[in-house]
1. Give the residues of the stretch 29-54 that are touching a helix residue (DSSP H, G or I) at 6+ places or on another chain (Cβ under 9 Å), surrounded by fewer than 16 Cβ atoms within 10 Å (Cβ to Cβ) and either without any contact (Cβ under 8 Å) to a residue 60 or more places away in the chain or not assigned by TED's automatic domain parsing to the domain that holds residue 7 (or both), sorted by residue number.
2. For the stretch 164-189, which residues satisfy the criterion of being surrounded by fewer than 19 Cβ atoms within 10 Å (Cβ to Cβ) and farther than 21 Å from residue 263 by Cβ?
3. Looking at the stretch 1-58 only, could you name the residues that are part of a loop (DSSP other than H, G, I, E, B), within 20 Å of residue 93 (Cα to Cα) and more than 21 Å from the chain's Cα centre (by Cα)?
4. Any residue in the stretch 193-208 that is touching a residue at least 40 places away in the same chain (Cβ under 8 Å) sitting within a Cβ distance under 6 Å of a residue that is in a helix (DSSP H, G or I)? List the pairs, counting only those 6 or more apart or interchain.
5. Go over the candidates 119, 149, 134 one by one and state the one that is surrounded by fewer than 20 Cβ atoms within 10 Å (Cβ to Cβ), touching a helix residue (DSSP H, G or I) at 6+ places or on another chain (Cβ under 9 Å) and either outside the structural domain of residue 239 (by TED's automatic domain parsing) or over 16 Å from residue 263 (Cβ atoms) (or both).
6. Name the residue, out of 89, 81, 110, that is outside the structural domain of residue 261 (by TED's automatic domain parsing) and more than 30 Å from residue 50 (Cβ to Cβ).
7. Is it true that some residue in the stretch 159-172 is more than 12 Å from residue 273 (Cβ to Cβ), in contact (Cβ under 8 Å) with a residue 60 or more places away in the chain and in a helix (DSSP H, G or I)?
8. Limited to the stretch 61-87, what total is found for residues that are crowded, with 16+ Cβ neighbours inside 10 Å, at pLDDT 95 or above and more than 23 Å from residue 174 (Cα to Cα)?
């Protein structure tokens with residue numbers, strides 16, 4: 001495994017591999033690697049000749065109320081996890097190398113960003129697409145890997161790849177879950193005992209909604225109402241949102257007649273958890 005911090009060196013390596021006809025799998029992260037990241041690395045390893053993992057805490061993704069400096073970091077742990085997952089290259093750039101001076105051009109996400117979690121994080125996805133555009137031009141990956149837990153991010157990346165004609169396969173990996181169905185997250189450790197007991201009901205509520213569609217429910221408003229009632233009766237948290245939108249377009253709909261995402265976010269005392277399920281108009285799960 002090689003650790004690269006220099007952009008030109010990374011570009012030269014990538015160009016060399018491409019000329020040799022090798023496929024490159026790319027896993028972009030902000031580090032502090034966990035089992036969700038490992039699932040992405042395993043998928044990339046199975047499908048590509050070369051796997052590149054980037055670790056970069058991107059300042060453009062952080063809003064005014066979000067503390068960039070408090071974002072968890074553990075470089076030694078990340079190197080160990082990457083090595084265990086047979087990563088070929090870790091790209092570990094500095095902020096100064098990625099943004100040596102103020103950008104002359106800015107990317108702005110005009111669709112798919114102002115719903116779900118994006119409503120409370122203005123500018124966040126602008127930062128995501130900016131850093132990904134730079135990384136894609138450095139690495140020229142064959143495929144890029146994201147987890148379905150961050151389904152809105154996947155929708156935004158899908159738009160970036162299609163709108164800017166990147167010759168990249170977007171590969172989605174199912175959400176990694178605990179045995180009781182709770183989506184794995186570093187935030188789960190912040191749940192109190194009773195909150196941890198109720199947290200799996202987020203996914204159960206979403207699956208309940210999917211089953212309602214499978215049984216014939218087509219009205220968006222009625223579906224969301226029933227899911228909210230289910231979750232309020234089961235969970236110990238405060239619901240931030242329950243939304244049902246077209247996917248990946250993330251547009252409002254009234255009737256469920258296409259692929260949709262049903263997503264929820266719940267506040268607990270020291271954590272905010274998100275989850276989702278993507279299915280078609282018959283209620284059949286289609287992603288993740």
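1. 49
2. Scanning the stretch 164-189 gives 164, 165, 166, 167, 169, 179, 189.
3. 1, 5, 6
4. Taking only residues 6 or more apart or on different chains, the pairs are 205/227; 205/230; 205/231.
5. None of the other options fit; the residue is 134.
6. Matching residue, one of 89, 81, 110: 110.
7. Yes.
8. Here the count works out to 1.
The values are calculated or read from the model by the stated rules, or taken from the named source; none is laboratory data. The structure displayed is predicted, hence computed values, not measured ones. All Cβ positions, glycine included, derive from the backbone under ideal geometry; neighbour counts span all protein chains shown.
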